[in-house]
Amino acid sequence: MKAAVYHRYGPANVVKLTETPQPTAAPGHILIRLRASAVTAADTMIRRGVPRFGRLFLGLRGPKNPAMGTQFAGDVVEVGADVTGFAPGDRVFGETGLAFGAHAEWVAVKADELVAHIPDGMTYEDAAPLCDGPLTDMNFLRNLADLQPGQHILINGAAGSLGTAAVQLAKAMGAEVTGVCSARNAAFVRSLGADHVVDYNRADFTRHSGRYDVIYDTVGKSSFGRAKHALKPSGLYMSPVLGLGLLGQMFWTKCFGRKRAKFSATGMLPVDQQRPLLRDLLELLRQGHLRMIIDRRFPLDRVAEAHAYVDTGHKRGNVILELGQA
Ligand SMILES: NC(=O)c1ccc[n+]([C@@H]2O[C@H](COP(=O)([O-])OP(=O)(O)OC[C@H]3O[C@@H](n4cnc5c(N)ncnc54)[C@H](OP(=O)(O)O)[C@@H]3O)[C@@H](O)[C@H]2O)c1
């Protein structure tokens with residue numbers, strides 16, 4: 001089968017297409033013929049090997065596992081021994097975690113990992129990124145912030161993968177939402193439901209003194225130190241972008257002061273903590289609260305181009321690899 005691989009950390013041109021053996025459905029696994037995969041900002045960070053301490057898991061001198069891609073949607077073709085809940089023909093989506101291999105024509109995943117049925121009527125391309133932006137947002141908005149109706153949340157990076165879903169989910173949770181993006185995306189972010197939009201080239205939201213209950217910096221462009229003045233007295237600053245500064249502030253604010261800083265690595269949570277978030281996310285989807293935003297689509301043989309586009313840092317919502325005809 002065709003699969004994207006990388007053998008050294010670096011720019012998008014380290015991504016190569018290769019022929020690899022098709023996986024099989026070992027006991028406890030399901031074999032999936034992939035239809036779509038999302039190319040995420042996290043995928044490109046893994047490719048670059050940043051932040052550098054991530055190489056402790058990925059490989060110090062170069063990637064230990066050359067397979068690429070984590071987000072997938074496709075059709076179950078075969079189930080291994082001891083698998084319950086899935087059958088050939090099921091439409092499924094999920095995340096491979098550190099096994100990778102979603103930028104390929106086929107993947108085999110453990111049936112008890114993060115894999116679920118695609119809701120009726122949902123396309124493969126809309127389902128493929130669900131465990132990236134939307135699930136991460138559920139972790140941050142529900143678990144970290146416990147966002148309540150009437151609270152005011154500022155979402156920095158509102159036009160990205162996490163941002164587009166966060167604006168919609170925060171509105172569904174009854175919050176007042178301020179989205180931060182460039183002027184190019186202002187009307188778009190409003191169309192997702194944002195009550196207010198800040199153009200980061202014209203205004204600095206960190207100067208909005210004491211305005212927000214929660215600041216969710218989905219793209220990690222600010223810091224707790226700069227943004228805390230914009231928080232209400234017991235406000236929360238949170239970001240999914242890991243840095244040593246944020247980790248330090250997280251531990252410091254846990255012990256001292258009323259304003260807090262938080263980080264979480266959603267994909268590293270145990271599956272039994274991710275499943276309830278996914279269940280609640282699917283319910284919000286069923287109720288029509290979330291529209292998936294697809295920016296660009298690429299065939300698998302242009303996977304390096306897809307990575308280069310995500311590298312610009314200005315994608316709108318999600319970038320999709322199209323993997324074969326349904
Ligand atoms: N911790 C976790 O659990 C977790 C899980 C998933 C992802 N992540 C991380 O989350 C981060 C965000 O991922 P993503 O996929 O949402 O990113 P993304 O889609 O690539 O972000 C692109 C967006 O960022 C906006 N942007 C660029 N510069 C900006 C600025 N200075 N201020 C505000 N917005 C700006 C762009 O809007 P304009 O074009 O309008 O500038 C664009 O729409 C990544 O670092 C990823 O690794 C963490």
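What follows is calculated from the coordinates using simple rules that are stated; it is not laboratory data. Predicted, not measured: the structure shown is a model, and the values here were computed from it. Note that each Cβ is placed from the backbone with ideal geometry, even for glycine, and that neighbours are counted across all protein chains shown.
Worth pointing out:
- 0 to 90° range, to nearest 10: angle between helix 161-172 axis and the chain longest Cα axis: 60
- Length-normalised contact order of the chain in % [C-alpha pairs under 8 Å, at least 6 apart]: 19
- Counting neighbouring beta carbons within 10 Å and listing from fewest to most, the residues Phe205, Phe100, Phe251 come out as Phe251, Phe205, Phe100.
- Residues Leu147, Leu321, Leu247, sorted so that the one with the fewest Cβ neighbours within 10 Å comes first: Leu247, Leu147, Leu321
- What the phi angles of segment 99-109 give under the Karplus curve with 6.51, -1.76 and 1.60, with θ = phi - 60°, is a coupling list of 6, 6, x, 8, 8, 7, 7, 9, 8, 10, 10 Hz, glycine and proline written as x.
- Point-to-point label distance, Asp204-Gln148, nm (Cα→Cβ direction, 7 Å offset): 3.2
- Amide H contacts of Arg35: Ala73, Gly74, Asp75, each under 5 Å away and 5 or more positions distant or on a separate chain (H built 1.01 Å from N in the peptide plane; Pro and chain starts excluded).
- Only lysines eight or more places from Lys16 in sequence, or on another chain, were considered; those with a Cα closer than 17 Å are Lys2, Lys64.
- Helical contribution to [θ] at 222 nm, DSSP H n ≥ 4, -39,500 (n - 2.57), averaged over the chain, rounded to 500: -6500 deg cm²/dmol
- Note on segment 91-168 and segment 53-73: Cα centroid distance 20 Å, given to the nearest whole angstrom.
- Under 25 Å of direct C-alpha separation, and excluding same-chain neighbours fewer than eight residues apart, Lys259 reaches these lysines: Lys171, Lys221, Lys228, Lys232.
- When only Cα pairs below 8 angstrom with a gap of at least 6 residues are kept, segment 46-102 shows a relative contact order of 34 percent.
- Taking Lys and Arg as +1 and Asp and Glu as -1, the other residues whose beta-carbon sits under 11 Å from that of Ala166 total -1.
- Given charges at Cβ of Lys, Arg, Asp, Glu: segment 1-140 dipole, positive-most of Pro119, Thr24, Val50: Val50
- Couplings 3J(HN,Hα) for segment 116-128, derived from phi with the Karplus relation 6.51 cos²θ - 1.76 cosθ + 1.60 (θ = phi - 60°), are 8, 6, 6, x, 3, x, 8, 7, 4, 5, 6, 7, 4 Hz, where x marks Gly and Pro.
- Positive-end residue of Thr312, Gly245, Ala172, charge dipole of the chain with Cβ unit charges: Gly245
- The spacing between segment 259-326 and segment 173-212, judged by their C-alpha centroids, is 21 Å.
- Virtual spin-label span in nm between Val50 and Ala99, 7 Å along Cα→Cβ: 3.0
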